[in-house]
Amino acid sequence: MTSNICGFFFSIYLLEAVRLSPAQVSAITFAGRLWDAATDPLVGQLVLRTRTRCGRTKPWLAAATALGPAAFLAMWLSGSAGSAFSYHLLSYLAYCACITCYHVPYASSTMLISNSAEDKDGATACRIGFELLFTIIGTGVFGAVSGRHRLAADCGAGDSGGADSPEQLQAERRGYALAALVIAGIYFACGLFATFGIRERVRLDARRDSLLSNVRSVLAFRPYVLLMLAFLCMSLGIQTVQANLGLYTTHSLGMGGHMNSGIFTVLTVAVLLVPFWARMSGRFGKKRIFMIGLLPQLPCLMLATALPPNSVAASGRGGGANSRLRENGANTRIL
């Protein structure tokens, strides 16, 4: 939930409310991706070596539940003008570390709750279903609360030319902070549910393999490497579209007031189509359905970016905007 909120709104917040330059925003988001790449395998190795009376995952979930909401809220609190870049860079890295410490043990707990494959499949389906549900709820709530004071939505194309008053800018920042506070509360409640609701019933033998030896064995397995490369390219594409959807809607199409409803539509369509594509995958095979969902992506992207700036705003409900929403929904389905 919070990762999708950051993907949709964090770049917009940094550009429009904090007034960082595009280069600084790109540096912050890129640093977060690099930090994730370094911390994910490290946290996975540490979780594997954790042995407590409460289990392997519960200490990590408890710590991430306590620190994660605070780190998420800190991202949306503006520091002083001179240190805005450093403050948001450090707060974003802290949030990425907390979400890694939460998500890695949370996802790996599936193999610790039962030895039955059916139980694990059911737990995975339930986990994904609730993740999608709260992604829609969280994104809708965050967009509704923060969008009430968004200046770019009021000025159409979003080019205020620096004429916004300090009072308006502070009201916009308070709107983002209030939205982040609500989401932090949901984050904390969900974390408590996961921490005290998971019961580890499978005891795995202690592993003494080093991190380097595990990485070496993974990189030597060619099918896994090819799968990870494909997932990496696909994930980068999804994150690029996700991060720029709001900016594109506001500053290219001049529909800043419709940004939140557009994002909500993207996620809703994606979630509603998940059961259909899951059924098609079981009937026709995962590879075939993967290619069917992958092939339309480039034409949809090219069509959306080729739209004249005023065509959608003039019609109010442009077909190109709808194709953009379907394209992003397909991206989320593939992920």
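At-a-glance table
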{"item": "Neighbour-count order for I137, I183, fewest beta carbons within 10 angstrom listed first", "result": "I137, I183"}
{"item": "Cβ-based exposure ranking for E200, E167, in which fewest neighbours within 10 Å come first", "result": "E167, E200"}
{"item": "Potential lengthening between L226 and C126 on full extension [0.36 nm per residue; Cα-Cα distance subtracted]", "result": "33.2 nm"}
{"item": "Overall dimensions of region 1-202 by Cα: Rg and Dmax, Å", "result": "18.8, 62"}
{"item": "Cut-off 15 Å between beta-carbons: net charge of the residues surrounding L178, Lys and Arg +1, Asp and Glu -1", "result": "+3"}
{"item": "Sites R33 and R283, calculated FRET efficiency, Cβ-Cβ separation with R0 25 Å, nearest 0.05", "result": "0.10"}
{"item": "T52-A171 FRET efficiency (beta carbon distance; Förster radius 41 Å; 0.05 resolution)", "result": "0.30"}
{"item": "Estimated FRET transfer efficiency when R0 is 25 angstrom, pair L236-M302 (beta carbons, to 0.05)", "result": "0.90"}
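Laboratory data are not the source of any read-out in this text; all were calculated from the coordinates shown. Since this is a predicted model, take the numbers as computed values, not measurements. So basically every Cβ, Gly included, is an ideal-geometry build from the backbone, and we count neighbours across all protein chains shown.
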